[in-house]
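The values are calculated or read from the model by the stated rules, or taken from the named source; none is laboratory data. Everything quoted here is computed from the prediction, not taken from an experiment. Note that we place each Cβ from the backbone using ideal geometry, even for glycine, and neighbour counts take in every protein chain shown. Surface areas here come from the heavy atoms of the whole protein model, side chains and all, with no ligands, DNA or RNA. Shrake-Rupley method; radii C 1.70, N 1.55, O 1.52, S 1.80 Å.
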Amino acid sequence: MYHKTLPYRIFSVFNYALLGVISIVCLLPLFHLLMVSLSSTAPANAGLVSFWPVGFTFEAYAKTFDNVNFLTSLGVSLKRTILGTALALMVNALAAYALSKDTRVFRARNIYLWYFVVTMLFTGGLIPSYILILKLGLLNNLLALILPGLVAVYNIILLLNFFRTVPKELEEAVFMDGAGHFRSFFSIYLPISLPAIATIALFTMVGHWNAYFDGLIYMKVAEKLPLASFMQTVIVADNMTGFDVSVVVNKSQRTIKAAQIFIGALPILIVYPFLQRFFVKGVVIGAVKE
């Protein structure tokens, strides 16, 4: 029977204590935000709220859900995140499946692989990207927030390494039954790749939900702003240009801003625990070579 040594136990205690402190430090600002959103306007604006609500009330949340602009932006973010994540998973998984084959099966594999790697190192920049979206007629279009980041090379490499760990015998058995690559991809690779798929889904969802800069660039009307861009206009309203800021920003009290920020963070906080159990396995899979 394996017995843990004293140094190992000391390290474990120190490690758990350190991680616990880091977790508390990360959660305290969000908890403080929640307490501010549940407090009355006067004590919140006066800075009297710490980690307990003063003058407990749901007024901030009632006003937030009465704000049509906030609800519209929330809907835009939901559509962007769902559609963007689904398309990114499909495109990146198909690319990774093809690149996971050796040159005997896919002769141009190395050419495409190096092409993808180059895109990790060099980008066209902001102005060419904006001109491209403009020429494609995608300004004020949801696709302008999805298509530029659809192919993520890091995610492709992660999935590629996972696919290369799939036993070749499984694919050969499918081919012997008369199936092709698409049937092999959907029947063999995807079902057994849930850890990697869940990890990529988490990365993509968080990226889409938190992205705000592209919304400020490509969306010229307030009704098209995703939630992160809307929140940026609320917090840093004086820096906004391109459309009437007063349409988006209501000089709201601190409690309403806190409620809006907390609601904006809530969807990812809800989804994250369901994908967390796949996270570690999905990241490290393929890292160990035999």
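Of LEU170, LEU190, LEU225, all but one fail to be open to solvent by less than 20 Å² (accessible area, probe 1.4 Å) and either touching a residue at least 12 places away in the same chain (Cβ under 8 Å) or in contact with a Ser or Thr (Cβ under 8 Å, 6 or more places away or on another chain) (or both); the exception is LEU225. Within the set ASN69, ASN140, ASN110, the sole residue that is part of a loop (DSSP other than H, G, I, E, B) and in the same structural domain as THR233 (by TED's automatic domain parsing) turns out to be ASN140. Picking from residues in region 1-45 that are touching a Gly at 6+ places or on another chain (Cβ under 8 Å) and of a type in the set (Ser, Thr, Tyr), the one that is most open to solvent (accessible area, probe 1.4 Å) is SER40.
Do we have any residue at all in region 79-93 that's more than 26 Å from TYR212 (Cβ to Cβ), surrounded by 13 or more Cβ atoms within 10 Å (Cβ to Cβ) and under 28 Å from the mean Cα position of the chain (by Cα)? Yes: one or more hits. Being of a type in the set (Ser, Thr, Tyr) and closer than 30 Å to ILE263 by Cβ holds for only one residue in THR5, THR85, and it is THR85. Scanning region 102-122 for residues that are among the charged types (D, E, K, R) and surrounded by fewer than 16 Cβ atoms within 10 Å (Cβ to Cβ) returns ASP102, ARG104, ARG107.
Just one of the numbered conditions (1) aliphatic (A, V, I, L, M); (2) part of a loop (DSSP other than H, G, I, E, B); (3) in contact with a Phe, Trp or Tyr (Cβ under 6 Å, 6 or more places away or on another chain) is not true of ALA196: (2). For region 74-84, the count of residues that are polar (S, T, N, Q), out of contact with any His (no Cβ under 6 Å at 6 or more places or on another chain) and outside the structural domain of ARG254 (by TED's automatic domain parsing) is zero. All but one of (1) open to solvent by 50 Å² or more (accessible area, probe 1.4 Å); (2) assigned to a helix (DSSP H, G or I); (3) among the aliphatic types (A, V, I, L, M) hold for LEU48; which doesn't? Among (1) open to solvent by 50 Å² or more (accessible area, probe 1.4 Å); (2) assigned to a helix (DSSP H, G or I); (3) among the aliphatic types (A, V, I, L, M), the lone unmet condition for LEU48 is (2). Among the residues making up region 125-156, those that are buried (at least 16 other Cβ atoms within 10 Å of the Cβ) and without any contact (Cβ under 8 Å) to a residue 40 or more places away in the chain are SER129, LEU143, LEU147, VAL153.
Is it the case that some residue within region 127-144 is farther than 30 Å from SER73 by Cβ, β-branched (Val, Ile, Thr) and over 25 Å from the mean Cα position of the chain (by Cα)?
At the first step, the residues of region 127-144 found to be farther than 30 Å from SER73 by Cβ are none.
Within region 127-144 (the criterion being farther than 30 Å from SER73 by Cβ, β-branched (Val, Ile, Thr) and over 25 Å from the mean Cα position of the chain (by Cα)), the answer is no, since none of the residues qualifies.
If you go through region 173-186 one residue at a time, how many are of a type in the set (Gly, Ala, Ser), surrounded by 14 or more Cβ atoms within 10 Å (Cβ to Cβ) and in a helix (DSSP H, G or I)? Break it down stepwise before answering.
As a first pass, look at region 173-186 and keep what is of a type in the set (Gly, Ala, Ser): 173, 178-180, 184.
Still in the list and also surrounded by 14 or more Cβ atoms within 10 Å (Cβ to Cβ): 179, 184.
The next check asks that each one be in a helix (DSSP H, G or I); those that pass are 184.
Qualifying residue count for the region: 1.
Residue pairs whose Cβ atoms lie under 7 Å apart, separated by 6 or more positions or on different chains, with the first residue in region 86-104 and assigned to a helix (DSSP H, G or I) and the second among the basic types (Lys, Arg), are LEU99/ARG109.
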